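Chemist: Following this message is one structure expressed as structure tokens.
The values are calculated or read from the model by the stated rules, or taken from the named source; none is laboratory data. Every value quoted in this text rests on a predicted model; they were computed, and no experiment measured them. No Cβ is skipped: glycine too gets one built from the backbone with ideal geometry, and neighbour counts run over all protein chains shown.
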Amino acid sequence: MRALVQRVTSASVNVDGAVIGSIEAGLLILICAMQGDTDANAARMAAKIARLRIFADADGRMNLSLKDTGGAALVVSQFTLAADTSRGNRPGFSAAAPPDAGRALYLSFAQALRDLDIAVETGRFGADMAVSLTNDGPVTIWIDS
């Protein structure tokens, strides 16, 4: 799996002009299932992100995790994270999991976060979404499984 994790003070996702998911302080997680990924990959990625120490402690050092802060996660499917730009100017997306597998792994990832007692909001898989966020820091981390 591949994830782009952004520490946010707020984030929301809209579909057809309606807010379908929103959080206050926490993480916006753009997630892409790749060819060959499994539920085990999704669970490991969720555990890593939940424990990623990118929130400030009392001394202002990045030393706390999402679990430590009690923050929430907004999980948005993003197959374009699989883009291959090595040839030409048009990205290829063949490394992304097929849509049915991608949807199942996206839902598995979100559930794995919930199983870790993280409050989770989601986007809508395959929908044309408008994502809004206030990046805190900014802190943006790229993670590959």
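Chemist: Residues 117, 128, 136: which one is over 11 Å from the mean Cα position of the chain (by Cα), at positive phi and at pLDDT 95 or above?
Modeler: Answer to the selection: 117.
Chemist: Okay, moving on. When you check residue 94 against the structure, is it in contact with a helix residue (DSSP H, G or I) (Cβ under 6 Å, 6 or more places away or on another chain) and not hydrophobic (A, V, I, L, M, F, W, C), yes or no?
Modeler: Answer is no for this residue.
Chemist: Out of region 105-115, which residues are of a type in the set (Gly, Ala, Ser) and either in contact with a helix residue (DSSP H, G or I) (Cβ under 7 Å, 6 or more places away or on another chain) or in a loop (DSSP other than H, G, I, E, B) (or both)?
Modeler: Selection gives 108, 112.
Chemist: In this structure, does residue 141 turn out to be over 22 Å from residue 15 (Cβ atoms), in contact (Cβ under 8 Å) with a residue 60 or more places away in the chain and touching a helix residue (DSSP H, G or I) at 6+ places or on another chain (Cβ under 8 Å)?
Modeler: Answer is no for this residue.
Chemist: Also: Tell me which residues, restricted to region 52-100, are closer than 22 Å to residue 38 by Cβ, assigned to a strand (DSSP E or B) and aliphatic (A, V, I, L, M).
Modeler: Listed by number, the residues that qualify are 73, 75, 76, 96.
Chemist: Just a yes or no: is a residue in region 116-129 in a helix (DSSP H, G or I) and surrounded by fewer than 16 Cβ atoms within 10 Å (Cβ to Cβ)?
Modeler: no
Chemist: Determine whether region 22-34 contains at least one residue that is surrounded by fewer than 18 Cβ atoms within 10 Å (Cβ to Cβ), touching a residue at least 40 places away in the same chain (Cβ under 8 Å) and outside any strand (DSSP E or B).
Modeler: Yes, region 22-34 contains a residue that is surrounded by fewer than 18 Cβ atoms within 10 Å (Cβ to Cβ), touching a residue at least 40 places away in the same chain (Cβ under 8 Å) and outside any strand (DSSP E or B).
Chemist: Same structure again: Starting from residues that are assigned to a helix (DSSP H, G or I) and not aliphatic (A, V, I, L, M), keep the ones in region 35-51 and report whichever is surrounded by the most Cβ atoms within 10 Å (Cβ to Cβ).
Modeler: Going through the qualifying residues, I end up with 41.
Chemist: Only one of 108, 65 is in contact with an Asp or Glu (Cβ under 9 Å, 6 or more places away or on another chain) and of a type in the set (S, T, N, Q); which?
Modeler: None of the other options fit; the residue is 108.
Chemist: Evaluate region 80-87: report whether one residue or more is loosely packed, with under 15 Cβ neighbours inside 10 Å, aliphatic (A, V, I, L, M) and touching a Lys or Arg at 6+ places or on another chain (Cβ under 9 Å).
Modeler: Taking every residue of region 80-87 in turn, none turns out to be loosely packed, with under 15 Cβ neighbours inside 10 Å, aliphatic (A, V, I, L, M) and touching a Lys or Arg at 6+ places or on another chain (Cβ under 9 Å).
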